Each structure stands twice: as structure tokens, then as C-alpha cells.
Amino acid sequence: MDWQSSEDTVPSAPVTEADARLLLGRPPATGAWRDGDPVGDRRFAAFGAFRTEGGAELPGYRLAYETWGELNAERDNAVLVLHALTGDSHVRGSAGPGHPTSGWWDDLVGPGAPIDTDRWFVVAPNMLGGCQGSTGPSSIAPDGYEWASRFPYLTIRDQVAAQVRLADALGIDVWAGVVGGSMGGMHALEWAIGMPDRVARVGVLSAPPVNTADQIALNSVQLEAIRIDPRFQGGEYYDSADGDGPSRGLGLARRMALLNYRSPTELNQRFQRSWQSGVSPLGHGGRFAVESYLDFHGNRFTRRFDANSYLILVEAMNSHDIGRDRGGVDDALARITATALVLGIDSDRLFPVDGQHRIARGIRNTIDDGAVVLTSDFGHDGFLIETPRVGTHIRRLLEG
């Protein structure tokens, strides 16, 4: 699982007093975008009844999305950009009303950028089950109350099926490119496998062919951290006052996850054994700087995300297995007809590069006859941080 927002596209750094002041005050019960909040750059598309793979039914749903560039007359210049676990539709643009952070891929999407909006019509939806404008647990159900714990279990394939309806509504029969990192890379794979005739090029960044037992185990302790928070209340916390929501559990889950997003090399080099202040952490009540770093980002996260959405999306990640009901991973990959970029980071301890090599081996047409592996100290988040090098390969994919 991954974190994806503008704050995550820079190297780790010690927490300053100014940083700490940003988090004064109690966190809200949910950091979700809610109806009535400033819309910002979002657009919305509403759809009718949706049946999940598990047989549950949403009577209707909405996807929030943003676009850049213009769709040409032939409708063949559209690129779908898919965000990671805790990302949203705000790929580029400033923070401001409606958008708690600035764009998470500003350097890669825009005029003259690797995904050049002078040429491409770029679409970025917030995934189904998310909390930044698309229908999810914090959305209001037909009975006038939040879905909360009643929101149905989703799979990666369910989320892609919801995106297919968005493409249809926009009049896009074939994507010139579908690009996603981590959880977004899972979605990109499902697009290329499940609808090969609708994807001309696919970019799969730092994503695996299946979520392994090890990854599911790491996820399970994060989910439990949320569920055992007494203020989670079984998911029925939306009427809670500021400070009375499940922020401790959600923040702890985030801190656990962060340990898998960066590499030991980066954390050791950045923080070493430094103290957060002049007070010793050796029995005198002080803290190590890396502890304060984790706490700061955990606390900041609770102000822009929703605990129930975190559960829904992580469980969707756990469903990821491109070979399920398709004869196995190799048979599934053989269905891909798109030209592919498969990219991994050598220090990624969340989704190690053996997964990207396996994906690349199974696709008939990759731009380098195999996976592109970047050397980086930034671990899994390297696909967000190493933007010049990542952008070079995305440009090659789209211009090829």
C-alpha cells in the first residue's frame, strides 16, 4: 500500500516547529471531502446501480475526476492517470479550497511535461471507495445517513469497472495510455488485461502481479490498528466532534505503512540517531527525530483521509491477483496487447522488483524488452520522488 500526495513527493526530512504548528487543534472525525465543501477543480460523473463482484449493490455512485488538455476530434489522445491508495484526482494544481494538498505529480503532467497536456487529454479519477469526492463510506446513502460500515467490499476489478463507465461517459473508446503507480498500477494492469482493446499503451509503476501473503499480513496490522481504536465505533463515527474520531488508530496505521514506503538507507541517512529536541530520548522523555517524523505524517494524514475508506481500499488491494479466474498470472499477462512500460525501484521493500520482472516477462511488447529498474534510496515512493527519471520513461512510452 502506498501514500500518494504532494507531501510524499519529496525526501524525508526532520520535523520543524513550524511543521508542528500546522497540526494545532483537534483533527476532524473524518478528513473526507463532503458535499458542501469547496469543489475546487473536481468534476463529477454520476452513474446508476452498480453490482460488485461479491454480489452487493450500490443503487448509484459518483466518481470525482479532474482533466487537463483537450480531447481531440478523433477522441484518440486520452490518457488515464490512476492514483495510489491515499491519493486523489488532484494530479496537478495548487492546494486551496477543496484541495488539502497540491498536485502529487505536478512535474509529470502539464504543458511540455512527460504527459504533455498540449498533446494529451488527461483524466484522473478518484477511485470508487475513496474519500475525495467519489462515492465511499463517508458518502450519504439513500436513507440520508453515511454508508459507514454498510459500504460494500470492493475489489480492484470493481474499481476498474467503475472507471470503465467514466470512460464511456466521456466518449473514450480507447485510451492512448493508462498510467498508474502502486495501487494505481494494479488498476492499470486490470485495464490492460480485462479490456485489451481499449488500451493502446500501459504504464505499470511499482506494482505487483498479486498481493502476496507478506503484503496482506502487513496490511492486516494496519487495519487492526484502526478497528481497535475505541473511537472508531465499528465505523459509525461521522457524528463525532473534532478530536473524538478514530484519528489515533488511523494515524497509527499510517505510521506503520510509512515504514514500507521508504527504504532503510534513506531513513538511516536522513535521521541517523538524532534527537527531535535538546531533551534526551534516553530515559528523559525526549524523542528521536525519526519518531517525530512518523508522528507528524500520521497526524497530518488524519486531516485529509477517512478511516473507513482506508479499510475499504486496503482490502481492495488485498484482492489484487491478476491471475484469479484467468488461468494464472502468465495467462492473464498474455492477454495484454498494449505497448507497456513496467517500472520498479530497486530499494522497494513493499512491492519488490521481482514482481515487476514477472509482469514484464509476461507481456509481449515492453519498451525495453523487460522491466525498467531505477536505482534509488527512496524505496517504494521512488516512483513519486524520482520524477525526472520516471518522466523520461513515461515520455518514451507515450511517444513511441
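The values are calculated or read from the model by the stated rules, or taken from the named source; none is laboratory data. Note that the structure is predicted; figures quoted are calculated from it, not measured. No Cβ is skipped: glycine too gets one built from the backbone with ideal geometry, and neighbour counts run over all protein chains shown. Just the protein is used for accessible areas: all its heavy atoms, side chains included, with ligands, DNA and RNA removed. Shrake-Rupley method; radii C 1.70, N 1.55, O 1.52, S 1.80 Å.
Brief remarks follow.
- Residue check for I394: in a helix (DSSP H, G or I) and of a type in the set (V, I, T): yes
- Verdict on A84 being touching an Asp or Glu at 6+ places or on another chain (Cβ under 6 Å) and either part of a strand (DSSP E or B) or of a type in the set (A, V, I, L, M) (or both): yes
- Unique match (being more than 22 Å from the chain's Cα centre (by Cα) and surrounded by fewer than 23 Cβ atoms within 10 Å (Cβ to Cβ)) among E291, E315: E291
- Subset of the stretch 244-257 (residues that are open to solvent by 10 Å² or more (accessible area, probe 1.4 Å) and in contact (Cβ under 8 Å) with a residue 40 or more places away in the chain): D244, S247, L252, R255
- Every residue from the stretch 162-202 that is crowded, with 24+ Cβ neighbours inside 10 Å and part of a loop (DSSP other than H, G, I, E, B): S182
- Residues (open to solvent by less than 10 Å² (accessible area, probe 1.4 Å) and of a type in the set (D, E)) located in the stretch 115-161: D158
- All conditions in (1) under 22 Å from V204 (Cα atoms); (2) assigned to a loop (DSSP other than H, G, I, E, B); (3) modelled with pLDDT of 95 or more; (4) among the acidic types (D, E) hold for E66, with the sole exception of (2).
- Flag for F351 being in contact with a Ser or Thr (Cβ under 7 Å, 6 or more places away or on another chain) and touching a residue at least 12 places away in the same chain (Cβ under 8 Å): yes
- Taking every residue in the stretch 299-317 that is part of a helix (DSSP H, G or I) and pairing it with any residue that is of a type outside the set (G, A, S) and at pLDDT below 95, at least 6 positions away or on another chain, the pairs with Cβ-Cβ distances below 6 Å are N299/L23; F301/R254; V314/M1; M317/M1.
- Looking across the stretch 357-384, the residues that are open to solvent by less than 20 Å² (accessible area, probe 1.4 Å), within 18 Å of the chain's Cα centre (by Cα) and not charged (D, E, K, R) come down to G379, H380, G382, F383, L384.
- Inter-residue pairs, beta-carbon under 7 Å, first over 14 Å from V160 (Cβ atoms) and in a loop (DSSP other than H, G, I, E, B) and in the stretch 318-332, second open to solvent by less than 30 Å² (accessible area, probe 1.4 Å) and among the acidic types (D, E), 6+ apart: none
- Considering residues of the stretch 233-243 that are open to solvent by 10 Å² or more (accessible area, probe 1.4 Å) and part of a helix (DSSP H, G or I) only, the residue nearest to L350 (Cα to Cα): G234
- Every residue from the stretch 272-288 that is in contact with a Lys or Arg (Cβ under 9 Å, 6 or more places away or on another chain) and either open to solvent by less than 80 Å² (accessible area, probe 1.4 Å) or assigned to a loop (DSSP other than H, G, I, E, B) (or both): Q276, S277, V279, P281, F288
- Pair list, Cβ < 6 Å and 6+ apart or interchain, from the stretch 44-64 residues that are touching a residue at least 12 places away in the same chain (Cβ under 8 Å) to residues that are of a type in the set (S, T, Y) and not in a loop (DSSP other than H, G, I, E, B): F47/Y61; F50/Y61
- Hey, R335 within 30 Å of P28 (Cβ to Cβ) and not in a helix (DSSP H, G or I) or not: no
- Within the stretch 98-121, considering residues that are without any contact (Cβ under 8 Å) to a residue 60 or more places away in the chain and part of a loop (DSSP other than H, G, I, E, B), the one nearest to N77 (Cα to Cα): R119
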